[in-house]
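The values are calculated or read from the model by the stated rules, or taken from the named source; none is laboratory data. Here the structure is a predicted model, which means the values were calculated and not measured. All Cβ positions, glycine included, derive from the backbone under ideal geometry; neighbour counts span all protein chains shown.
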Amino acid sequence: MGTGGRSGLRPGKGNTEGVAAGKGNTDGVAATPAAASASCQYRCIECNQEAKELYRDYNHGVLKITICKSCQKPVDKYIEYDPVIILINAILCKAQAYRHILFNTKINMHGKLCIFCLLCEAYLRWWQLQDSNQNTDPNDFIRYAKEWDFYRMFAVASLEQTAFFIGIFTFLWVERPMTAKKKPNFILLLKALLLSSYGKLLLIPAVIWEHDYTPLCLRLIKVFVLTSNFQAIRVTLNINRKLSFLAILSGLLMESTMVYFFQRMEWDVGSDCAIYKSQDF
């Protein structure tokens, strides 16, 4: 499968080294990902088999997508797709889009995305706390107290998310003989979980455009995030849906235990459970 140009490829998405190498190649074929396969293995988005390269770059900008030896389909058709199309497919939780993003691209924004999502969640909890305790006193002490409330919400949200991840990793570690023939890559799984939690960014618009159906929106956002996490686990470890579902349940159980602990300490943490059960948001 060839293309007449490079417009379908996005810089920084999996194989830009091959394009750069192709400019100085006098043999007509670029020394693309095959040369770098020792340090980076790609995956077929259809059958999840490892691949040495995604495409080859010939002279005059002619590209040929690699065909998977296992399923006889293009290893990664998304390298020619527009980022918006890839994002839509990821929102629809398509396994092919997740494999493209997790295995065949180079994304180093896991930490930044995690911090931003936690800030969004902390703001929602802080907003709920201030909404339930209105105080118009302009005293500086009150303002500083509100500021520290936000920091406290951020810490609590971080602890609950950590508990959620610990629950998932604990279950997968116990069920390790069932998850894969080789040792699971938990570092890659952590990155996948952080990336798949991008749905938390929708918390801010849900608060800005507050309406009577805001609690319903929050429930739907929670379900969407959990569904994305479920798909990330299944794609990353190549396991069946049952194990992925049980891993998510284990994470929720651990998170609920953390929430229960905070409630026993009589901390007003504005947890997800409290938010989604609230009728007077």
Looking only at residues in the stretch 197-221 that are under 19 Å from residue 89 (Cα atoms) and in contact (Cβ under 8 Å) with a residue 40 or more places away in the chain, which one is surrounded by the fewest Cβ atoms within 10 Å (Cβ to Cβ)?
201
Check the stretch 232-249 and report whether any residue there is touching a residue at least 60 places away in the same chain (Cβ under 8 Å) and touching a Gly at 6+ places or on another chain (Cβ under 6 Å).
no
Filter result for residue 113 (in the same structural domain as residue 230 (by the TED database) and either under 30 Å from residue 226 (Cα atoms) or at pLDDT 50 or above (or both))
yes
Scanning the stretch 49-82 for residues that are within 21 Å of residue 97 (Cβ to Cβ) and among the aliphatic types (A, V, I, L, M), the one farthest from the chain's Cα centre (by Cα) turns out to be 63
